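Structure, as C-alpha cells:
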Amino acid sequence: MRPMPRTAARLACASLLLCAAAMSAPLSDRPFAGELTLNVDLTNPGQRIFRVRERIPASAGALTLYYPKWIPGEHSPSGTINGITGLIITADSGQRVDWRRDLEDMFSLHLVVPPGASSLQLEFQLLSPGTAGEFGQSVSATDSIEDLEWNQVLFYPSGYAARGIRVRAGVKLPAGWGYGTALTTATMDHGTVGFEAVSLEQLIDSPLITGLHFARLDLAPGAQVPVHLDLVADHDSDLKLSDAQLQAHLNLIIQANALFGARHYQHYDFLFTLSENTGHFGLEHSQSSDDRLNAKFFTDADTYLYGGSLLPHEYVHSWNGKFRRPAGLATPNFNVPMRGELLWVYEGLTEYLGDVLAARSGIWTPEQYREQLAATAAGMDHRPGRAWRNLQDTADEAQILYYTPNDWSAWRRSVDFYDEGELLWLDVDTTIRELSGGHRTLDDFLRAFYGIDDGSVVVKPYTFEDVVKALNAVQPHDWTGFLRSRLDAHTTPAPLGGITRGGWSLSYSDQSSANFKANDKTRKTLDLSYSLGLVVSTAADDYGKVLDVLWASPAFTAGLAPGMKLIALNGRKFDAERVDEELHAAQGVKEPIEILVQNLDSYATVRVDYHGGPVYPHLTRVAGTPDRLDEIIAPKAASP
C-alpha cells in the first residue's frame with residue numbers, strides 16, 4: 001500500500017486498491033462528458049522541445065490518466081513516455097494536484113481531483129527524440145522540419161474507448177512554416193492553427209508535418225475525393241518532382257482505386273518528410289500516412305528506386321490495416337495490449353500489394369519489380385532460423401521483434417512477416433490464377449474483402465477464419481491447410497511457389513542488379529550475404545564494420561561476427577569497391593581469403609575458405625510456362 005497523504009489536495013492516489021479499481025473498470029460505451037483541449041507549441045524546433053498545454057474535464061474523486069502506450073501501426077508498447085518532462089497538473093481553481101505513477105504500468109498516472117473542480121490543466125514538455133530509434137522514437141525535429149505525432153503529446157482519462165473522447169487540438173508553428181495534416185483547419189491566426197474537434201481515435205490517426213521548405217501537390221486533380229502529397233524537406237531543391245515521377249504517383253491513386261473498388265477516406269494526405277536528419281520509416285493512418293525518407297528521394301535515381309514502394313505500401317494500409325484490421329489489433333484505446341498474430345495479413349499482404357502497385361503505377365519498371373522480388377526471395381531463402389522459429393512466431397512476437405538487434409538476423413529472425421508474407425501472398429495469388437484457369441485472381445478477393453462500405457472509415461475487424469472464408473468465396477480450396485502449412489512450417493527453404501508458379505525462378509549470378517546496388521548505396525552497406533555471408537557498413541564513420549553475418553556461412557565458419565571491423569583483405573586495405581575483384585581472384589586458387597579484422601581492442605587475421613566468386617540474386621524466366629508475374633503487375637483499367 002502507498003502511504004496515505006494528509007489532504008485530498010495533495011493526494012496522488014487515495015489507495016492502490018482505489019486506483020486498481022479505476023484501471024480495471026470496464027470501458028464505458030457512453031461518450032466521455034466534455035471535450036479535451038490540446039495546444040502544442042512547436043516554435044522551438046532547434047532544441048526539439050514541444051511545449052504542451054492540455055485541459056481535461058474532470059469531477060471530484062479518483063482519476064487515472066493514460067499516456068498512449070500501444071501505438072497503432074507500430075504494433076508494440078512503444079509510446080514515448082520517457083520524453084515527457086515538467087508535468088504539472090492543476091485544478092481549474094489553480095490548486096496543484098499531485099499524481100503518482102502506477103507501480104506496474106508506467107503509462108498510467110493516478111490522482112484525486114479535489115472537491116469543486118470541473119477540469120484539470122496539464123502543462124508539460126515532450127523532449128522530441130534526438131538520437132536514432134524506431135518509428136516515433138526516432139528523430140522527428142530539426143531546425144527546419146517538425147513531425148508531430150499526437151499520441152506523444154497528450155494524456156487521456158481511463159475507462160473510455162478512444163472513439164468516445166472528443167479532442168480539440170491546435171498548434172503554434174514557427175513563422176513562415178507550411179504544414180500538412182488530415183485534420184480540418186478551423187482557425188488560423190499568426191501561425192497559431194486550430195483544428196476542428198475530432199475523436200481521440202481520429203486525432204492520433206492524423207499526424208502533422210510542418211517545415212520551412214514545404215510543398216503540396218494534388219494527386220487526384222478533379223476527383224471528388226481529394227488526395228494530396230504534402231512535402232517537407234531540408235532544402236527547397238529536394239521538393240522537385242520530375243514529370244515522370246509526378247505521373248507515376250498520379251497513377252498510384254488510379255491503380256489503388258481500381259484494385260480495391262472503394263475508398264475508406266474522405267480525403268487523403270501523404271505526409272512526406274525528406275531529410276537526412278530525421279528517422280526513415282513509414283507509418284500508416286486511415287486518411288494520411290507519415291512517410292520519412294532520404295532527402296534526395298526525388299532527385300537521386302538510386303534513392304528513388306530504393307524507396308519507391310514506401311508510399312504505395314502505406315497507401316494500401318488505408319484499406320488493409322486501418323479500415324479492415326485484425327481483431328487482435330482493433331483495440332478500444334491505446335493502453336489495451338495488441339495481438340499481432342495476423343500481421344502476415346496486415347503487413348505481409350500490404351508489402352505484396354505495395355510492390356505490385358509500385359510496378360502497376362510506373363514507379364518501378366517491370367524489371368525493377370522483379371529484381372526487388374529476387375532480393376526479397378533470396379533474403380528469405382537464406383533464413384536458417386526458420387528451423388526453430390516459424391513465420392507465425394515472427395508475427396506473434398512482433399511487439400518485441402521490432403526492437404531487437406539487427407545482427408544475426410538470418411538465425412534470430414525478425415519481422416519477417418513483411419518479406420516472407422509477401423512471398424506467401426504471391427503464392428496465394430498465383431494459386432488462385434492457376435486453379436481458376438486465369439479467370440480469378442487475388443484482385444477479386446481484395447475487392448470483396450476491402451472494397452465494401454465505400455467511404456466508411458469505421459474499423460471493420462477480421463479473423464483468420466474471415467480471411468479463409470473470403471478466399472474460398474473467390475476460389476474454393478483448402479485455404480486453411482494452405483496457409484497453416486506456410487505459417488507453421490520449419491523447413492529452411494523459403495516458400496518460393498509463387499515465383500515458380502508465376503513463371504520465374506530464383507537464380508544467382510556474379511553481376512549485381514541495379515536494385516541491389518541502389519539498396520547498398522542508399523543504406524550505406526555492402527551486402528555480401530550470398531557469397532562470403534556478411535553485410536558490411538560503408539558509412540564514413542563506420543566504414544568496414546560488420547553489421548551482420550549469415551549463420552553457417554563461410555564468414556561464420558571462419559569466426560567473423562557482427563561488430564568486428566574489416567581492416568584489410570588479402571593484404572590490401574579494405575575497399576568496398578574492390579571486394580568483387582578479390583572474390584573473382586579467389587575462384588582460381590586454393591588458399592583462403594585472408595581478412596585482417598579488428599575486434600574491440602584486438603586484431604586478428606581470419607581465413608575464409610570461399611572460392612565461389614561474387615553472388616547476387618535475380619529472377620530467370622522459365623520457358624514454356626505462363627508469365628503470371630507479368631500479368632500481376634500489368635496496370636488495371638481505371639475505376640469510374
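The values are calculated or read from the model by the stated rules, or taken from the named source; none is laboratory data. Remember, predicted model here, so these are calculated numbers, not experimental data. Positions of Cβ are backbone-derived with ideal geometry, glycine not excepted, and every protein chain shown enters the neighbour counts. Calculation scope for accessible area: heavy atoms of the full protein, side chains included, ligands and nucleic acids excluded. Shrake-Rupley method; radii C 1.70, N 1.55, O 1.52, S 1.80 Å.
Checking 302, 290 one by one, the residue that is touching a residue at least 24 places away in the same chain (Cβ under 8 Å), surrounded by 23 or more Cβ atoms within 10 Å (Cβ to Cβ) and of a type in the set (D, E, K, R) is 290 and no other.
Only residues that are part of a strand (DSSP E or B), of a type outside the set (Lys, Arg) and without any contact (Cβ under 8 Å) to a residue 60 or more places away in the chain: list them for segment 585-640, please.
As a first pass, look at segment 585-640 and keep what is part of a strand (DSSP E or B): 593-599, 602-608, 616-621.
Within this subset, residues satisfying the condition of being of a type outside the set (Lys, Arg) are 593-599, 602-606, 608, 616-620.
Once the filter is applied, which keeps residues that are part of a strand (DSSP E or B), of a type outside the set (Lys, Arg) and without any contact (Cβ under 8 Å) to a residue 60 or more places away in the chain, segment 585-640 yields 594, 595, 596, 597, 598, 599, 602, 603, 604, 605, 606.
Out of curiosity, is residue 180 assigned to a strand (DSSP E or B), surrounded by fewer than 21 Cβ atoms within 10 Å (Cβ to Cβ), touching a residue at least 60 places away in the same chain (Cβ under 8 Å) and touching a Phe, Trp or Tyr at 6+ places or on another chain (Cβ under 8 Å)? Reasoning before the result, please.
Numbers: assigned to a strand (DSSP E or B): yes; surrounded by fewer than 21 Cβ atoms within 10 Å (Cβ to Cβ): no; touching a residue at least 60 places away in the same chain (Cβ under 8 Å): yes; touching a Phe, Trp or Tyr at 6+ places or on another chain (Cβ under 8 Å): yes.
No.
Taking segment 117-147 as the range and being more than 16 Å from residue 41 (Cβ to Cβ), of a type in the set (A, V, I, L, M, F, W, C) and surrounded by 17 or more Cβ atoms within 10 Å (Cβ to Cβ) as the test, the residues that pass are 117, 120, 135, 139, 145.
Every condition in (1) modelled with pLDDT of 95 or more; (2) of a type in the set (Gly, Ala, Ser); (3) in a loop (DSSP other than H, G, I, E, B) holds for residue 279 except the one numbered (1). In the set (1) over 25 Å from residue 285 (Cβ atoms); (2) buried (at least 17 other Cβ atoms within 10 Å of the Cβ); (3) out of contact with any Gly (no Cβ under 6 Å at 6 or more places or on another chain); (4) of a type outside the set (Ser, Thr, Tyr), residue 467 fails one condition alone, (1). Open to solvent by 30 Å² or more (accessible area, probe 1.4 Å) and touching a Lys or Arg at 6+ places or on another chain (Cβ under 8 Å), is that true of residue 501? Yes; evaluated as a whole, the condition is true for this residue. Exactly one residue among 80, 90 is buried (at least 20 other Cβ atoms within 10 Å of the Cβ) and polar (S, T, N, Q), and that residue is 80. Scanning segment 567-578 for residues that are under 15 Å from residue 592 (Cβ atoms) and open to solvent by less than 40 Å² (accessible area, probe 1.4 Å) gives 568, 569.
Every condition in (1) under 20 Å from residue 375 (Cα atoms); (2) assigned to a helix (DSSP H, G or I); (3) free of Cβ contacts under 8 Å to residues at least 60 places away in the same chain is met by residue 581 except one, and the failing one is (1). Filtering segment 200-246 to residues that are in contact (Cβ under 8 Å) with a residue 40 or more places away in the chain, open to solvent by 10 Å² or more (accessible area, probe 1.4 Å), assigned to a loop (DSSP other than H, G, I, E, B) and in contact with a helix residue (DSSP H, G or I) (Cβ under 8 Å, 6 or more places away or on another chain) leaves 213, 241.
Just a yes or no: is a residue in segment 101-109 modelled with pLDDT of 95 or more, open to solvent by 10 Å² or more (accessible area, probe 1.4 Å) and within 24 Å of residue 286 (Cα to Cα)? Within segment 101-109, not a single residue is modelled with pLDDT of 95 or more, open to solvent by 10 Å² or more (accessible area, probe 1.4 Å) and within 24 Å of residue 286 (Cα to Cα). Counting only residues that are open to solvent by less than 20 Å² (accessible area, probe 1.4 Å), over 23 Å from residue 335 (Cα atoms) and not in a loop (DSSP other than H, G, I, E, B), segment 148-177 holds 2 of them. Of all residues in segment 517-559, those being charged (D, E, K, R) and more than 25 Å from the chain's Cα centre (by Cα) number 3.
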